[in-house]
1. For the range 168-185, in order, what is each residue's ³J(HN,Hα) by Karplus, 6.51 cos²θ - 1.76 cosθ + 1.60 with θ = phi - 60°, in whole Hz (x at glycine and Pro)?
2. When the Karplus curve 6.51 cos²θ - 1.76 cosθ + 1.60 is applied with θ = phi - 60°, which whole-Hz ³J(HN,Hα) does each residue of the range 10-22 get, with x for Gly and Pro?
3. Distance between Cα centroids, the range 251-291 to the range 133-204: provide it in whole Å.
4. Relative to the Cα centre, what is the charge dipole magnitude of the range 1-137, using +1 at the beta carbon of each Lys and Arg, -1 at the beta carbon of each Asp and Glu, and rounding to the nearest 20 debye?
5. What is the diffusion coefficient of the range 121-226 in µm²/s, taking the Kirkwood radius over Cα pairs and the Stokes-Einstein relation at 10 °C with a viscosity of 1.306 mPa s?
6. The chain: D in µm²/s via Stokes-Einstein (Kirkwood Rh, Cα pairs, 10 °C, 1.306 mPa s)?
7. Please report, largest first and rounded to whole Å, the three semi-axes of the ellipsoid equivalent to the range 2-173, where each semi-axis is the square root of five times an eigenvalue of the C-alpha gyration tensor.
8. Return the long-range amide H neighbours of VAL110 (sequence gap of 5 or more, or a different chain), with a cut-off of under 5 Å between placed amide H atoms.
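The values are calculated or read from the model by the stated rules, or taken from the named source; none is laboratory data. Note that the structure is predicted; figures quoted are calculated from it, not measured. Cβ: placed from backbone, ideal geometry, glycine included. Neighbour counts: every protein chain shown. These area figures cover heavy atoms from the full protein model, side chains too; ligands, DNA and RNA do not enter into them. Shrake-Rupley method; radii C 1.70, N 1.55, O 1.52, S 1.80 Å.
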Amino acid sequence: MTRRSVVAGVGSALPRRLVTNEELAKTVDTTDEWIVERTGIRNRYIASDGETTGTLATDAARRALEHAGIDARAIDIIVLATATPDQTFPSTATKVQAALGIDDCIAFDVHAVCTGFLYALTVADSMLRSGNARTALVIGAETFSRILDWEDRATCVLFGDGAGALVLRAEETENGILATKLHADGRHNDLLFVDGGPSTTGTVGKLRMKGREVFRHAVVNLAGVLNEVLSEAGLTAEDVDWVVPHQANARILDATAKKLGLPPEKVVVTVDRHANTSAASVPLAFDTAVKDGRIKRGDVVVLEAMGGGFTWGAAALRY
Ligand code: UT7
């Protein structure tokens, strides 16, 4: 037996307001046909007044704790992945901590844009395996609607808001997180970025993306890191029950699965209903597939994501 991080519970949260492609097409020069054909997206959820990255993260965390049957006060560490924090500081993780009534634990945000959840999971897993913590709350939460340029049809139709959370427990087991692998290549900073920030413009800024070039890198990088993580876990593609990918574009999901020789029915797809929720997309899709009964205890699940930086990463686990 080895000390490993086991997924004890999962949860997610979405804003109240659902926005369809048709609704968007009333204010943006686009069509439902274009969005569905190029991306697979049909709906997204957009935060209303009073809904923030922190409130969505807190709701997702509460549901994950409930699913795990664990009291919030048992949490030793909160790692929250976001590129859209409530404030520049303090971290949104500490806001979640306060909202959950946890008096003392480690709490911080991780920023790796759409790969943020994989980065957060890897950090939490390391803390658990090293014995520095026993129970972790790992959250991906975003309100990208607040950094979108609603006049840029090439980006504003692609993203949505939401949050997902996992409770991890350190146990002596052969299950849990088997391997993780992370990458970054900052030479591609200019292909996907926000044109503002506290230390440059003193503003929040808006998201900018050269979509076609991001697409090209995504398929290559994701296939590469999936192969790496499988090999590190001593698994082959045939051993995988479910792939839970970052939900950016249905065409990227198809192309990556094909490159790995994975049948499309093993890929969890939620991009049609949630759009791209950046760091929230992997835990949101994971929770969806656990709660609808697809992912079962004992299944081998592979998570992957790629985003701004570029950053990309993957994790293999036995649920
Ligand atoms: O989460 C981080 C990772 N992000 C990604 O992985 C995103 C990766 N990229 C993509 O998913 C795709 O590149 C997009 C969905 C963003 C774009 O699809 P595409 O097939 O690469 O389209 P394109 O950007 O090359 O644009 C094709 C055409 C253009 O018109 P022209 O120049 O051919 O006349 C665009 O102006 O589609 C036009 N277009 C639109 N038309 C209607 C762009 N956006 C829209 C729109 N509605 N919303």
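1. Once rounded to whole Hz, the list reads 10, 10, 6, 9, 7, 6, 9, 8, x, 6, 8, 6, 9, 8, 10, 9, 8, 9.
2. 9, x, 8, 8, 10, x, 5, 8, 8, 10, 8, 4, 4
3. So the two Cα centres are separated by 16 Å.
4. Computed about the Cα centre, the dipole is about 480 debye.
5. 94
6. Translational diffusion coefficient: 83 µm²/s.
7. 33, 16, 14
8. LEU80, ALA81, THR82
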